[in-house]
1. Out of all the residues in the stretch 67-97, which are basic (K, R) and part of a helix (DSSP H, G or I)?
2. What number goes with the only condition from (1) modelled with pLDDT of 95 or more; (2) assigned to a helix (DSSP H, G or I); (3) small (G, A, S) that G142 does not pass?
3. Among the residues of the stretch 188-211, what is the count of those that are modelled with pLDDT of 95 or more, under 15 Å from G161 (Cβ atoms) and among the β-branched types (V, I, T)?
4. With the condition kept exactly as written, say whether any residue in the stretch 155-166 is at pLDDT 95 or above and either among the hydroxyl-bearing types (S, T, Y) or within 20 Å of A6 (Cβ to Cβ) (or both).
5. List the pairs whose first member sits in the stretch 44-67 and is in contact (Cβ under 8 Å) with a residue 24 or more places away in the chain and closer than 16 Å to A93 by Cα, whose second member is part of a helix (DSSP H, G or I) and of a type in the set (S, T, Y), and whose Cβ atoms are under 8 Å apart, counting only residues at least 6 apart or on separate chains?
6. May I ask you to verify whether A125 is in a helix (DSSP H, G or I), in contact with a helix residue (DSSP H, G or I) (Cβ under 6 Å, 6 or more places away or on another chain), buried (at least 24 other Cβ atoms within 10 Å of the Cβ) and modelled with pLDDT of 95 or more?
7. In the stretch 145-167, what count of residues is obtained for those that are under 8 Å from the mean Cα position of the chain (by Cα) and among the aliphatic types (A, V, I, L, M)?
Amino acid sequence: MNPALAIGLYVVVLCAAFVAWQAGLDRGEDRPRLRLRPVATAVAFVVVAVPSVLQLTVAGGLLQAWQRDPDATWAGQLWRVATALVVQDGGWAGAVFNLAALLWIGIPAEEAWGSRRWTVIALCAGLGAQLWGWVVQPFGAGNSVVIYGLAASLLVRGLAGPALQPRIAGMAGLLAAAILLVGGDIHGGAAAIGAVVAVVLLHRTGGYPALSPRGGGASDR
């Protein structure tokens, strides 16, 4: 895929996800969720930030040892499926962007879904995208696939909601994600997985999952 086109689609997916969440919030659909403390997002931020900074400063070998590498994984280095999510292949610029985007998308996603569902979506998208990456981008690393999985979950919520603006944002973002998927982009695969998990979660709860006043999902208790 053309790099400029891919970047444009990345921006559309992330911005549409935020708009879908914010528009729903403005209409009161997710207002109770603001009482939730984004614990899962904070933990994920630390888990990613620490090895990323170490890799970029005093432990440069971490990227080579932990990145996505199907040959090494099949040879027994199974940890790479997970560790590829906590080191960065884009240098300082990629690391700063990925960490900032994790907060920008992760906090709204956790407010929308609750911490447990957030974790399910993040793990499914992050780990599942590593397998998709073996096909389209065998070598690489970064937590961006988690971000796009969470973004897609917000897009699905927006599309499933009653208001027009979140639906439009959801449709636009999911279309951009679908183009990435068809174009063989790893982020498109992550978004597809996040969207599927979101559909399953919404189906299980019969729509928007209700949260208690303390922010815990009804089925989380």
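The values are calculated or read from the model by the stated rules, or taken from the named source; none is laboratory data. These numbers were taken from a predicted model, which means no experiment stands behind them. As a convention, Cβ positions derive from the backbone with ideal geometry for all residues, glycine included, and neighbour counts pool all protein chains shown.
1. At the first step, the residues of the stretch 67-97 found to be basic (K, R) are 68, 80.
Within the stretch 67-97, R80 is the sole residue that qualifies.
2. (2)
3. So the answer is 1.
4. Within the stretch 155-166, one or more residues are at pLDDT 95 or above and either among the hydroxyl-bearing types (S, T, Y) or within 20 Å of A6 (Cβ to Cβ) (or both).
5. These pairs meet every condition: P51/T83.
6. Values: in a helix (DSSP H, G or I): yes; in contact with a helix residue (DSSP H, G or I) (Cβ under 6 Å, 6 or more places away or on another chain): yes; buried (at least 24 other Cβ atoms within 10 Å of the Cβ): yes; modelled with pLDDT of 95 or more: yes.
So A125 passes the test.
7. Qualifying residue count, the stretch 145-167: 6.
Results for (1) over 18 Å from G140 (Cα atoms); (2) surrounded by 21 or more Cβ atoms within 10 Å (Cβ to Cβ); (3) touching a residue at least 12 places away in the same chain (Cβ under 8 Å); (4) among the charged types (D, E, K, R), shown as yes or no for each residue.
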site	(1), (2), (3), (4)
A75	no, no, no, no
V87	no, yes, yes, no
W92	no, no, yes, no
A100	yes, no, no, no
I105	yes, yes, yes, no
E110	yes, yes, yes, yes
W113	yes, yes, yes, no
V120	yes, no, yes, no
